[in-house]
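Participant: Structure in structure tokens, see below.
Just so it is clear, none of the values below were taken in a lab; they were calculated from the coordinates. Since we're looking at a predicted model, the values are computed, not measured. We place every Cβ from the backbone using ideal geometry, glycine too, and count neighbours over all the protein chains shown.
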Amino acid sequence: GTGTMGFGVSVGFLNKAMDGDWISPSSLTNDGSGGNVYADPIIPHMDSKLGFDMGLGVYYNAETRDNNKYFAGISMTHINRSQLKYAEDVNPFNQRHLFITGGYTFGLPGGTLQVFPTFFIVTDGATTQYLVSGKLIVNRKFWTGLAYRANDAVIAMLGMDFSTGGSGNYGFGYAYDFTTSEMSSYSSGSHEILFRYCFGFEKQTSVTSYGNVRHLGNRR
């Protein structure tokens, strides 16, 4: 079709380390009757494990006949669920995480304003988190919007984007998370600062040569 599809693969290693500085409440008693936690052989003192890790993603974006743009993507991390074996009978592993995202840009009459709703879903099979957002874009440069992360926060954001004239573009953004969960008793929110740069690659035109038809007889 008229859209662009991209594939991504991540391959690497995950290292998980356990520190040996274990402290139990009983070991903090004033008379010292709690004993030393290191006397328990079940509690590991220090260990480090390495596991192979792999992820995969697919992304598609396109433009409609009326110049509205949309995108969709799906990806997964820890596909191979690498195991980190700390003991003979215990085999913890990295659980797969599935990410689904999509969005659509609506051009409003006049050509100055655009509305950009998006969604983002992440799940590990046991817990699922949802994020929906909407941005208002002015002159394809300035933007502001709101987002909601289910059972967690309401997010206010604003920013601006700049073009460098064909060789790339960059942008700045700021967002503040207003905590709506029970964590609001301990935190009023968090700040997020964004800087983005997109590199552009201009296609080099190949040099063409030709021979003058008046001198074809002299070419070798």
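Participant: Highest first, please rank the peptides 185-196, 60-71, 92-103 by the mean number of other Cβ atoms sitting within 10 Å of their residues.
Facilitator: Packing proxy ranking, top to bottom: 92-103, 60-71, 185-196.
Participant: Taking the mean number of other Cβ atoms within 10 Å as a proxy for protection, how do you rank 108-115, 50-57 from highest to lowest?
Facilitator: Descending mean neighbour count gives 50-57, 108-115.
Participant: Related question: Between A17 and N68, what is 0.36 nm times their sequence separation minus the Cα-Cα distance? Round to one decimal in nm.
Facilitator: Extra length from A17 to N68 when fully extended: 13.5 nm.
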